[in-house]
1. Every residue in segment 103-113 that is open to solvent by 90 Å² or more (accessible area, probe 1.4 Å) and closer than 26 Å to residue 44 by Cβ, please.
2. Counting just the residues of segment 90-102 that are open to solvent by 30 Å² or more (accessible area, probe 1.4 Å) and in contact (Cβ under 8 Å) with a residue 24 or more places away in the chain, which one comes out farthest from the chain's Cα centre (by Cα)?
3. Being open to solvent by 60 Å² or more (accessible area, probe 1.4 Å), more than 30 Å from residue 105 (Cβ to Cβ) and among the aromatic types (Phe, Trp, Tyr) narrows it down to one residue among 59, 73, 84; which is it?
4. Looking only at residues that are without any contact (Cβ under 8 Å) to a residue 24 or more places away in the chain and not in a loop (DSSP other than H, G, I, E, B) in segment 17-39, which one is most open to solvent (accessible area, probe 1.4 Å)?
5. Residue 68 passes all but one of (1) open to solvent by 80 Å² or more (accessible area, probe 1.4 Å); (2) more than 26 Å from residue 106 (Cβ to Cβ); (3) in contact (Cβ under 8 Å) with a residue 24 or more places away in the chain; which number fails?
6. Within segment 74-85, can one find any residue that is under 24 Å from residue 42 (Cα atoms), at pLDDT 95 or above and under 10 Å from the mean Cα position of the chain (by Cα)?
Amino acid sequence: MFSKKLEFSFCHQLPERSFFFKGKQFPVCARCTGIHIGYLSFPIFLFSFFTLNLWLSLFIMLPTIIDGLTQAFSNWESTNGVRFITGLAAGIGCMSLISIWGKQIGNLILSLT
């Protein structure tokens with residue numbers, strides 16, 4: 001009924017682009033692993049323990065975009081370490097952006113009431 005292997009639309013899940021633990025392949029590639037781990041930073045931004053401005057949040061996402069596009073449109077292959085680090089930066093940048101926008105929307109709602 002259900003496939004044992006999870007399918008992700010944006011993740012290649014190629015063995016050479018994935019991490020393995022105890023002989024089992026992660027369900028996502030190294031870049032997506034970094035992105036998902038970066039998502040764990042959300043409470044840090046949400047509760048203002050640490051903040052990044054809008055431009056820095058966008059800037060730290062740039063290496064992931066560059067790495068992904070260069071791999072997609074050239075013969076260059078990055079390593080899993082590079083994929084993981086750039087993915088981690090993208091996940092952190094994304095959570096910072098969501099926090100910034102969420103706080104702005106919240107403030108706007110409060111100012112209207």
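1. Answer for segment 103-113, where residues must be open to solvent by 90 Å² or more (accessible area, probe 1.4 Å) and closer than 26 Å to residue 44 by Cβ: 104, 105, 107, 108, 109, 110.
2. This residue is 102.
3. 73
4. 24
5. Unmet condition: (1).
6. Yes, some residue in segment 74-85 is under 24 Å from residue 42 (Cα atoms), at pLDDT 95 or above and under 10 Å from the mean Cα position of the chain (by Cα).
The values are calculated or read from the model by the stated rules, or taken from the named source; none is laboratory data. Note that the structure is a prediction, hence the values are computed from the model and not measured. Every residue, glycine as well, gets a Cβ built from its backbone with ideal geometry; the counts of neighbours run over all protein chains shown. Only protein heavy atoms, including side chains, enter the accessible area calculation; ligands, DNA and RNA are left aside. Shrake-Rupley method; radii C 1.70, N 1.55, O 1.52, S 1.80 Å.
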